[in-house]
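Worksheet for the structure shown next.
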Amino acid sequence: MSIVGKGKRAIQGAAQSVMKKAVELAPDSLLPGGRPDPLIRRQHGQIGRPVSRVDGPLKVRGAAPFAAEVALEGMVYAALAHSTIAKGRILTIDAGRAEAAPGVVLVMTHRNAPRLAPPPRFLSAAKAAAGDDVPVMQDDRVRWNGEPVALVLAETQEQADHARSLIRITYAEEPAATSLATAGAHEVGTFMGEPLSAKIGDAEAAFAAAPHKVDAVYRTPPHNHNALEPHAATLVWRDGALFVHDATQAVAHTAWSLARIFGLEEDQVHVSSPYVGGGFGGKTLWQHQILAAAAARLADRPVRIALSREGVYRVVGGRSPTEQRVALGADADGRLTAIIHRGVTPKTPHSAMPEPFILPTQSAYAAKTIALEVRTCDLDLVANTFMRAPGEAVGTVALECAMDELAEQLGLDPIELRLRNEPETDPVSGRPFSSRNLAVAYRLGAQRFGWDRRNPVPRSRREGEWLVGMGCATATYPYHRMPGGAARITLDAGGARIDVAAHEMGMGTATAQAQIAADRLGLPLEAVTVRYGDSSLPGVILAGGSQQTASVGLSVMMAHRELVGELLKLAGNDSPLAGLGAEEVESADAGLRKLDDPGRFESYASILGRAGRGELVVEGSAPMPLETMHWSMHSHGAMFCEARVNAVTGETRVSRFLGSFDCGRIVNPKTAASQFRGGIIMGLGLALMEETQVDGRTGRIMNRTLADYHLPVHLDVPEIDVIWTDIPDPHTPMGARGIGEIGITGTGAAVANAVYNATGRRVRDFPITLDKLL
Amino acid sequence: MTPFSYLRAADADTALQLAGVHARHPGAGHPGVEHPAAKYLGGGTNLVDLMRETIERPGTLVDVTGLSDRIAETGDANGNRGLLIGAAVRNTALAEHRLVRQRYPMLSRAIVSGASPQIRNMATVAGNILQRTRCAYFYDRAGSRCNKREPGQGCDAIDGFNRMHAILGASPACVATHPSDLCVALAALDATVHLSGADGERRLPFTELHRLPGDEPGRDTALEPGDLITAVELPALPLAANSAYRKVRDRSSYAFALVSVAAALSVENGTVTDVRLALGGVAHKPWRALTAEQALRGQPATEAAFRAAAAAELAAAQPLRDNGFKIELAQRTIVAVLGELAGHDRTGDGA
Amino acid sequence: MSIAVNGSAVKPPDDPRVSLLDLLRETLHLSGTKKGCDQGACGACTVLLDGQRVLSCLTLAVQCEGRSVTTVEGLGADGALHPLQHAFIEHDGFQCGYCTPGQICSAVGMIGELRRGVPSHVTADLAAGAIPHSREELRERMSGNLCRCGAHNGIIDAIAETYAETTHAEAAE
């Protein structure tokens, strides 16, 4: 970075810290969430009901059209050729046989690709959507093994695939860094503009002096999202504008980013993505959409690009590996005197973040001294990216295993150790917690799971060949709300439609938001529809960070405020509501009524009818998310696992699992339970089987199939019990906090701790495959 | 996929003819195969995938799923009853067959521990036998070296990810394993393969069908170009009624074996009178454990004897970077399976 | 000879490379059958071929001449949902919905195998005529269908409920 750049960053940093201080000290009432959302008090509404998914009938019939299922007139099919070296230059490309193959419309390489601006990489701008900022097929450089180097368009997929296999490319290879051993210097990583480090007191000295201590290194491997739907886009240029049917968790970001890349106005790109076959952080902007759009422009034909499963591994990054040292010092009572959590995780020169594994430790325990640090180095690989609970998923593995190790050393129950170290305020930021009920979650969970039946002595329970053990761990994920939330309400005599550029990848967004809007507007559920997944709708709402519930919820709240004001204006002097201000009324029974005098009521239909209006359209925007700078806002969970390890073969089977969550108010118990379970099951994969195998010699991913990259199958998944405190967070919309990611946190450690209790073997190198238990 | 023409055969003679295989005159030196690029297609569960990866690029596909899908009882004058299994019998049909479950339970067990139900409904017996290794470097035509795929190219697995690879019978040229479960049982059961080819009809002991890689890893089997498997025959084998198959893998279902054990055991008065033992996931071919069998016959049916036999079988094992655990795992699994067949209590140690 | 897809006669493709899956999705626009891996590793493309569940991605369309294919679009009668489809909604047996048609078709085929007495990896007694509809049996038999969202519990609940009460007579339909 230049001196000017450094100076700029310092000034911005100073301004930021002044701002942060001001927000911390501001009175609650001035902040979003400062006054509790009235819906928190509301009983007997739609919120809290186990409503079945509104998109269910479509999905069980296979009738929901995903991105690769939209048919366009005259469409051609794309196939990608990938580089086979990690770094270097393309010397020759022989595309002659491919160009002459039947059905081929175009072979695009860096030699004929249109000139494009580099993709805006995540966090580099408000609406940046790309996993990396590598120029896309613009030069002869190769930056990772598997980078797209040619694209074929043909009349059928079979023809495109065949022609792709005929392309011959030679390279001038250059030395590449493809493993930690070959990486360059390590430096402190930054995440969201903040350095990934924290220091409270002298942790090394406190640790050295502690009477009880654990000091261990934990390793987690790379992971891939492996959504069942491979990335795909079907797109067309019309009159200089680009229309994209995409599979994305960021419609607005993708439209803006594509506009930047192709030199267009933002409104010249339209991204539609109503159905997404799983995302988990991976369904953002990667090279395939850009390449397909470029090829479509060159060939002047609509294009479908559906990545092969291998293509997903080659083009879309996943979670980086980590090597984490956790050192815990405690006094004789089990009170932590030192927490040291530091380690290294590689990234790529062109990716947006190092895996921030210290995040869960920042607000975990009331230690007197704390030292946290993520160091990172650059490797020549496909850009690593966000994957379900980035940071927390793997950070809790190390921290919560170490807590288990410390509990054993102290002869304390692992739950008791955790409760003894519950902080009053956030140990690093010093901010008050908005709502923290981890102890309640532990109590409820332990009781239901039968924790008291656990024998603390490892290897003390055996059933035939199977050694049986129990373990627990804390799950945690922050409340996020990103800037940019907005929503539109269209009200007519029959009900309301909510328009919001949010996403439904299976989280239940469409269903939960319909429930919330129904309560917000005082309408029956059937009278509310939610339109989402389209960049033409209001809002910049990433389906990430478990923030959609809050972001959309608050946006609709703000739009509703506008709506009430407009309705009161329309109601005029002839209404029972005459003279009332927006603060004096609430929505109920498909109309407005006075808060303390429900008899003063007029229905929406009546107001609109008298005003001669068919419909009323209002839009609202969410304020900046200052609440997260004022309170420490986190969800928690107490995770319980019973694992069985085969004494002969070392195979591990999880026989029981329970997650007890404190995530604020639960909007829809049915879809929420599925979200919790889904996270936990991905956590079981992380614990026992998932690993992306990157060949350190070549930087090439070798297990690039779902036969070789193991996801849990049905037989690996026991019945998973999920319960929750349902205690509303007074400072969040609806009292809810997001729940999409927390399930994967804590799970890996709970499994590892159960395996330890079963066998007496402490595995610190994940996944826990059978060879580590022989 | 590389373009090909698709033909369908209802019987073996037609299949050979469509594949361009002509009867070879005795003593004639020239090959009797017109189109070496022809391939027989069974359920397609492996071949179609390999064609999509352009590892297999046949010019002609001869669909042989129309060949016999019968499972017939055979018998000789002495009343020994075996089974003749048509090449096109689907895996599920074989696993669920009453006589297979009664007389060769290890075969049923082996089949249902393989792949997924959908794949077992598709895959034929002959196709399962002729499936190719799942070595990731073999599959990665674009980016990895493999002597099996391209003779002389080199092997990227020997110093790469080789957790799934061979510990027995490998060569410097190839460390791949044969992925089948069904074949491990067939190797243990003294099966015979019925073949039809340029040399007419012939039979081959199943254990001689698959090869060790040596310096010709490109050849998985002893088959000549154009050879067609028409049936598999199981001999009468009374001890197989007391048989088992145990598969150890990285997840509880739908994964290839790290190690598998097929065993049949006969014990009289505490002494092993006869035994069949084969291992999967450890070699380039289904591994018939003759050394262990020999060590066991006449020995007391004790855990110690099982342990010694397993150790003898694995004595020649050569681990690679990632698969050393298979040596211990294979021995433990052998001991556990034999113990179960001998009626021992299910105990074990380690872990 | 034609292929019967959900009861309608369909001409096999001229290009023998076309998989049954691509015939369904690209030619017939029956995109309910999903492509999750195109290599037999995920089960999303499961359809019923002559009543047996198979993977349409590894089936060449030309191999289906003279045979009958049922896809998720052909399960319900007269536009109504199949009972299993109802149960998937009720038990939240899906999230993103991408693996769902494959799970449903697989379950329909699976229940036929279970009633026929086809043993599975977890069947304790190979000689037993009737196999219990235990959760473990259902889980093993559905293991060829991956789900990344983690709807496994709901899927098994839906299958268990749908087929718990039905009799052998209904199974014969």
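Taking the stated definitions as given, is A:GLU424 over 32 Å from the mean Cα position of the chain (by Cα), surrounded by fewer than 23 Cβ atoms within 10 Å (Cβ to Cβ) and more than 14 Å from chain B (Cβ to nearest Cβ)? The answer is no for A:GLU424.
Among the residues of region C:95-111, is any crowded, with 24+ Cβ neighbours inside 10 Å, within 14 Å of chain B (Cβ to nearest Cβ) and assigned to a loop (DSSP other than H, G, I, E, B)? Yes, because at least one residue in region C:95-111 is crowded, with 24+ Cβ neighbours inside 10 Å, within 14 Å of chain B (Cβ to nearest Cβ) and assigned to a loop (DSSP other than H, G, I, E, B). Residues that are surrounded by fewer than 21 Cβ atoms within 10 Å (Cβ to Cβ) and more than 14 Å from every other protein chain (Cβ to nearest Cβ) within region A:211-235 comprise A:PRO211, A:HIS212, A:LYS213, A:ASP215, A:ALA216, A:VAL217, A:ARG219, listed in sequence order. In the condition set (1) surrounded by 21 or more Cβ atoms within 10 Å (Cβ to Cβ); (2) touching a residue at least 24 places away in the same chain (Cβ under 8 Å); (3) part of a helix (DSSP H, G or I), B:ASN147 is compliant with all but (3). If you take the residues of region A:429-457 that are within 17 Å of A:TRP724 (Cα to Cα) and among the basic types (Lys, Arg), which of them is nearest to the chain's Cα centre (by Cα)? Per the stated criteria, the residue is A:ARG436. Looking across region C:70-126 at every residue that is of a type in the set (S, T, N, Q) and within 20 Å of B:PRO117 (Cα to Cα), the one that is farthest from the chain's Cα centre (by Cα) is identified as C:THR123.
Only residues that are away from chain A (no Cβ under 12 Å) and under 26 Å from C:ARG116 (Cα atoms) were counted across region C:71-85, and they come to 1. Quick check on C:ALA9: is it more than 8 Å from every other protein chain (Cβ to nearest Cβ), in contact with a Ser or Thr (Cβ under 7 Å, 6 or more places away or on another chain) and not in a helix (DSSP H, G or I)? Against the criterion (more than 8 Å from every other protein chain (Cβ to nearest Cβ), in contact with a Ser or Thr (Cβ under 7 Å, 6 or more places away or on another chain) and not in a helix (DSSP H, G or I)), C:ALA9 qualifies. Each residue in region C:45-59 was checked for being facing another protein chain (nearest Cβ under 7 Å) and surrounded by fewer than 24 Cβ atoms within 10 Å (Cβ to Cβ), and 1 pass. Applying the criterion of being exposed (fewer than 15 other Cβ atoms within 10 Å of the Cβ) and not in a loop (DSSP other than H, G, I, E, B) to the residues of region B:203-221, the residue that is farthest from the chain's Cα centre (by Cα) is B:ARG203.
Rundown of residues vs (1) among the small types (Gly, Ala, Ser); (2) farther than 30 Å from A:LEU774 by Cβ; (3) within 14 Å of chain C (Cβ to nearest Cβ); (4) in a strand (DSSP E or B), yes/no style:
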| position | (1), (2), (3), (4) |
| --- | --- |
| B:THR177 | no, no, no, no |
| B:ALA187 | yes, no, no, no |
| B:VAL193 | no, yes, no, yes |
| B:GLU201 | no, yes, no, yes |
| B:LEU223 | no, yes, no, no |
| B:GLY226 | yes, yes, no, no |
| B:THR230 | no, yes, no, yes |
| B:TYR245 | no, no, yes, yes |
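Rundown of residues vs (1) within 14 Å of chain A (Cβ to nearest Cβ); (2) farther than 20 Å from A:ALA647 by Cα; (3) modelled with pLDDT under 95, yes/no style:
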site	(1), (2), (3)
B:ALA255	yes, yes, no
B:SER266	no, yes, no
B:ARG276	no, yes, no
B:ALA289	no, yes, no
B:GLU303	yes, no, no
B:ILE327	yes, no, no
B:GLY348	yes, no, yes
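C:GLU65 passes every criterion in (1) within 14 Å of chain B (Cβ to nearest Cβ); (2) more than 30 Å from B:SER108 (Cβ to Cβ); (3) under 16 Å from the mean Cα position of the chain (by Cα) apart from (3).
Filtering region A:40-72 to residues that are away from chain C (no Cβ under 12 Å) and part of a helix (DSSP H, G or I) leaves only A:ILE40. Filtering region A:462-480 to residues that are part of a loop (DSSP other than H, G, I, E, B) and within 29 Å of the chain's Cα centre (by Cα) leaves A:TYR479, A:HIS480. Just to be sure, is A:ALA407 of a type in the set (Gly, Ala, Ser) and under 30 Å from A:ALA125 (Cα atoms)? Judged against the criteria, A:ALA407 is not a match.
If C:CYS42 satisfies every condition in (1) touching a helix residue (DSSP H, G or I) at 6+ places or on another chain (Cβ under 7 Å); (2) within 8 Å of another protein chain (Cβ to nearest Cβ); (3) hydrophobic (A, V, I, L, M, F, W, C) but one, which is the exception? That leaves (1) as the condition not met. Checking each residue in region B:116-144 for being among the hydrophobic types (A, V, I, L, M, F, W, C) and either free of Cβ contacts under 8 Å to residues at least 12 places away in the same chain or closer than 21 Å to B:VAL64 by Cα (or both) picks out B:ILE119, B:MET122, B:ALA123, B:VAL125, B:ALA126, B:ILE129, B:LEU130, B:ALA142. Would you pick out the residues in region A:697-708 that are more than 9 Å from every other protein chain (Cβ to nearest Cβ) and touching a helix residue (DSSP H, G or I) at 6+ places or on another chain (Cβ under 8 Å)? Within region A:697-708, A:ILE701 is the sole residue that qualifies. In the list A:PHE676, A:PHE766, which residue meets the criterion of being within 14 Å of chain C (Cβ to nearest Cβ), touching a strand residue (DSSP E or B) at 6+ places or on another chain (Cβ under 7 Å), crowded, with 24+ Cβ neighbours inside 10 Å and of a type in the set (Phe, Trp, Tyr)? Among A:PHE676, A:PHE766, only A:PHE676 is within 14 Å of chain C (Cβ to nearest Cβ), touching a strand residue (DSSP E or B) at 6+ places or on another chain (Cβ under 7 Å), crowded, with 24+ Cβ neighbours inside 10 Å and of a type in the set (Phe, Trp, Tyr).
Quick check on my filter: what residues within region B:47-66 are in a loop (DSSP other than H, G, I, E, B), within 22 Å of the chain's Cα centre (by Cα) and at the interface with another protein chain (Cβ under 8 Å from one of its Cβ atoms)? Answer for region B:47-66, where residues must be in a loop (DSSP other than H, G, I, E, B), within 22 Å of the chain's Cα centre (by Cα) and at the interface with another protein chain (Cβ under 8 Å from one of its Cβ atoms): just B:THR65. Among the residues of region B:150-192, those that are of a type in the set (Gly, Ala, Ser) and either free of Cβ contacts under 8 Å to residues at least 40 places away in the same chain or more than 28 Å from B:LEU204 (Cα to Cα) (or both) comprise B:GLY152, B:GLY154, B:ALA157, B:GLY160.
Which pairs do you get when a residue that is within 14 Å of chain A (Cβ to nearest Cβ) and at pLDDT below 90, found in region C:123-142, comes within reach of a residue that is part of a loop (DSSP other than H, G, I, E, B) and crowded, with 16+ Cβ neighbours inside 10 Å, reach meaning Cβ atoms under 9 angstrom, with the pair 6+ apart or on two chains? Sorted first by the residue in region C:123-142, then by its partner, the list stays empty. Selection of strands (runs of 3 or more DSSP E) fully inside region A:223-313 by the criterion of at least 1 residues being over 30 Å from A:THR84 (Cα atoms) returns A:232-238, A:241-246, A:269-272.
Among the residues of region A:390-408, none qualifies, meaning not one is in contact (Cβ under 8 Å) with a residue 40 or more places away in the chain, of a type in the set (A, V, I, L, M, F, W, C) and assigned to a loop (DSSP other than H, G, I, E, B).
With respect to the stated conditions, A:THR322 fails to be surrounded by fewer than 22 Cβ atoms within 10 Å (Cβ to Cβ) and either assigned by TED's automatic domain parsing to the domain that holds A:GLN693 or of a type outside the set (D, E, K, R) (or both). In this structure, A:GLU408 does not qualify as within 22 Å of the chain's Cα centre (by Cα) and of a type outside the set (Val, Ile, Thr).
The values are calculated or read from the model by the stated rules, or taken from the named source; none is laboratory data. Nothing here was measured: the structure is a model prediction, and the numbers come from that model. Quick reminder, even Gly has a Cβ in these numbers, built from the backbone with ideal geometry, and neighbours come from all protein chains shown.
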